[in-house]
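For reference, the structure discussed in these notes is given below.
The values are calculated or read from the model by the stated rules, or taken from the named source; none is laboratory data. Since this is a predicted model, take the numbers as computed values, not measurements. Cβ coordinates were reconstructed from backbone atoms using ideal geometry, including for glycine residues, and neighbour counts include every protein chain displayed. These area figures cover heavy atoms from the full protein model, side chains too; ligands, DNA and RNA do not enter into them. Shrake-Rupley method; radii C 1.70, N 1.55, O 1.52, S 1.80 Å.
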Amino acid sequence: MGVRLRGVTRRYPGLTALDAVDLEIADGEAVAVTGPSGSGKSTVLHLLGGMDRPDEGVVEVDDKELTSRQLDAHRRRVGFVFQRFHLLPALTVLDNVLAPVLPRRVDFDRRSRALELLEAVGLSARADALPSELSGGQQQRVAISRALINRPGLLLADEPTGNLDSATGREIIDLLLSLRERYGMTMLLTTHDPEVAVACDRIVRLHDGRIVSDEQVAPAADVFDRLGGLRP
Ligand SMILES: Nc1ncnc2c1ncn2[C@@H]1O[C@H](COP(=O)(O)OP(=O)(O)OP(=O)(O)O)[C@@H](O)[C@H]1O
Ligand SMILES: [Mg+2]
């Protein structure tokens, strides 16, 4: 799924969270949004996910304007991962993954898809555990499975490693990137961690609601080539 902000402004009383932002993300891209606290990172994710609406400008999905009427359908095509996991403590791991689709009629087998996704994040053995019995990294893996239950075309992750130590955070980023490949998703994440950002294809930096830099990350192989062909 390709997504775009075109001249998007989002205001709150007394402040402009996003100021005429233009941002285009191609289908299949993995983009890190960085910048200081309050610069507008989460606002970008919420607008692209259809959880928030611009005051000016338009949000586009696959080159078509996202209208208010399409918001519910759009949200079902988007997966969302949060810093604090937001698992339901009384439900098992499997039921947490199933939770988004339990109240709805769906055209797939819920349970087998949930089990497939737990397998994909390496947690099939813990399907019957409670969230409190898991480590932070494992809880985030469950939250990632839950985000994928509707086979989203766009995965949005708001500081997905913010509550994890750096080694676990790195594992979670590698997992997100490999799931992006496997399921053919576009991915947008926010982070304060430069190591997380450089794992993505592209880094967009915000400051006071404006984009101040937008750079492709050189693949590691290119960097080694430039250093004289020394590959590890
Ligand atoms: N519901 C709201 N009501 C009022 N102001 C808000 C609201 N949501 C966000 N803001 C303001 O909009 C600005 C951008 O917020 P946003 O959450 O996008 O920042 P952020 O870059 O994600 O910050 P952080 O790194 O702390 O998560 C901030 O100044 C914030 O206080
Ligand atoms: Mg934020």
- Task: Give the residues of the range 120-142 that are of a type in the set (Lys, Arg) and crowded, with 22+ Cβ neighbours inside 10 Å, sorted by residue number.
- Result: Arg141
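For the range 43-51, does any single residue satisfy the condition of being open to solvent by 40 Å² or more (accessible area, probe 1.4 Å), at positive phi, at pLDDT 95 or above and of a type outside the set (Val, Ile, Thr)?
Among the residues of the range 43-51, not one is open to solvent by 40 Å² or more (accessible area, probe 1.4 Å), at positive phi, at pLDDT 95 or above and of a type outside the set (Val, Ile, Thr), which makes the answer no.
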- Members of the range 84-134 found to be touching a residue at least 24 places away in the same chain (Cβ under 8 Å) and of a type in the set (Ser, Thr, Tyr), listed by number: Thr92, Ser132
- Name, by its number, the condition in (1) surrounded by fewer than 21 Cβ atoms within 10 Å (Cβ to Cβ); (2) out of contact with any Cys (no Cβ under 9 Å at 6 or more places or on another chain) that does not hold for Glu29. (2)
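Looking only at the range 143-163, count how many residues are over 10 Å from the mean Cα position of the chain (by Cα), within 16 Å of ligand 1 (Cβ to nearest atom) and crowded, with 18+ Cβ neighbours inside 10 Å.
Here is the first cut: in the range 143-163, the ones over 10 Å from the mean Cα position of the chain (by Cα) are 143, 145-146, 148-153, 161-163.
Retained after the next criterion (residues that are within 16 Å of ligand 1 (Cβ to nearest atom)): 161-163.
Subsequent filtering for residues that are crowded, with 18+ Cβ neighbours inside 10 Å retains 161.
The qualifying residues number 1.
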- Message: Looking at the range 69-80, can you tell me whether even one residue there is within 13 Å of the chain's Cα centre (by Cα) and either among the aliphatic types (A, V, I, L, M) or within 12 Å of ligand 1 (Cβ to nearest atom) (or both)?
- Response: yes
